[in-house]
Amino acid sequence: MTARNGWALQGLDGAAVGAAPAAASGGHRPQALIFSFFGGVVLHREEVDPVPSAVFLRVLGGLGVAEAAARATLARMTRKGLLERTQVGRAAYYRLSPDTEALVTRAGLRVAAAAPFEHPDDTWTLLSYSMPESRRDLRHRVRAALTWAGFGGLRDGVWIAPGTVDVAEVFAAGGLDEVTELAEWFAAAPLPGVRVDELIRRAWPVDRIRERHDEFIATWWAGPDEADPLGQITGLGADWLQLLRADPGLPARHLCADWPAAQSAAIYRRCYEALLPAAERALDLELGRSVAG
């Protein structure tokens with residue numbers, strides 16, 4: 001398994017695991033929706049052209065984001081170097097910066113994985129690190145990177161993740177190379193007598209993760225509303241990324257017979273494949289209308 005680099009590594013997906021689930025029609029931060037829009041539709045095109053601000057305003061507006069909030073988010077993301085802005089006449093155009101495009105592209109590998117919640121049985125990664133008081137400024141960034149990479153905290157400074165995680169790559173992708181020298185990590189397997197089900201529940205909020213799956217399934221079970229394919233595919237992607245952040249791929253055989261991860265993955269694939277052709281056509285129409293306007 002490769003390291004799980006992604007939008008969440010930089011806090012781009014919005015809420016943490018314990019927050020209330022967000023519905024597809026709203027509840028996500030505008031920044032998370034913008035990244036979902038790029039990752040779900042724009043980067044699939046043969047030529048990635050800058051997108052006019054009018055397109056973002058229409059798509060985000062349909063998802064319940066006020067125009068002022070959408071404009072403020074585009075401006076803030078540009079100041080942070082996440083987006084690049086160009087001006088053509090009175091129209092502003094945006095594209096991902098090269099570093100951010102690489103980040104979103106890497107995230108897409110896990111977003112599009114056929115079985116993102118599955119790992120070889122009883123393979124785990126153990127990580128231990130000690131953060132000196134002088135570097136407490138790194139603590140939040142390290143925890144965010146480890147959470148996206150699938151780690152749960154067993155106790156202070158000791159983390160565990162299902163599967164085999166390239167921890168050095170996780171830290172490098174988050175700009176945390178210096179933390180590599182403060183940490184040790186090992187591939188591990190449980191010895192006889194270890195209660196893996198209890199270990200999982202100590203490290204992760206299993207009941208809340210189950211609620212996230214149930215929310216995703218309830219929202220998308222009936223399929224998307226293809227009357228607004230761009231808005232729907234953007235909301236679907238934001239919901240999916242939030243679920244990927246919540247569930248690192250907990251082994252179902254140690255949880256319950258009806259653990260819903262496989263069902264969530266199947267629903268995501270079905271909805272995304274149904275939406276993508278219409279979303280691409282809608283984006284072509286939006287770009288043509290924006291240019292003509």
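Here, each number is a calculation from the coordinates, and none is a lab measurement. This one's a predicted model, so the numbers in the text were calculated from it and none came from an experiment. Neighbour counts run over all protein chains shown; Cβ positions are idealised from the backbone, glycine included.
Observations on the model:
- Helix runs (DSSP H) in the chain reaching 20 Å along axis by Cα, Kyte-Doolittle at least -1.0: 206-220, 229-246, 261-292
- Just so you know, the averaged projected area of the alpha carbon convex hull for segment 124-189 sits at 3.9 nm².
- If the Kirkwood radius is taken over C-alpha pairs of the chain, then at 37 °C and 0.692 mPa s the Stokes-Einstein diffusion coefficient equals 164 µm²/s.
- The relative contact order of segment 133-236 comes to 20 percent, based on Cα pairs under 8 Å that sit 6 or more residues apart.
- Shape call, segment 168-257: gyration tensor on alpha carbons, a/c limit 1.5: oblate
- Footprinting exposure proxy for Trp148, Trp159 (fewest neighbouring C-beta atoms within 10 Å first): Trp159, Trp148
- Largest-first principal axis extents of the Cα set of segment 77-154 (Å): 57, 42, 14
- Ranked by how many other Cβ atoms sit within 10 Å of their own Cβ, fewest first, the residues Val196, Val42, Val88 fall in the order Val88, Val196, Val42.
- When only alpha carbons are used to place a centre, segment 111-134 and segment 30-85 end up 30 Å from one another.
- Net charge of neighbours whose Cβ lies under 11 Å from the Cβ of Phe117, counting Lys and Arg as +1 and Asp and Glu as -1: -1
- As a proxy for reagent exposure, ranking His28, His213 by other Cβ atoms within 10 Å from fewest up yields His213, His28.
- Distance between the C-alpha centres of segment 140-157 and segment 231-257: 18 Å, rounded to the whole angstrom.
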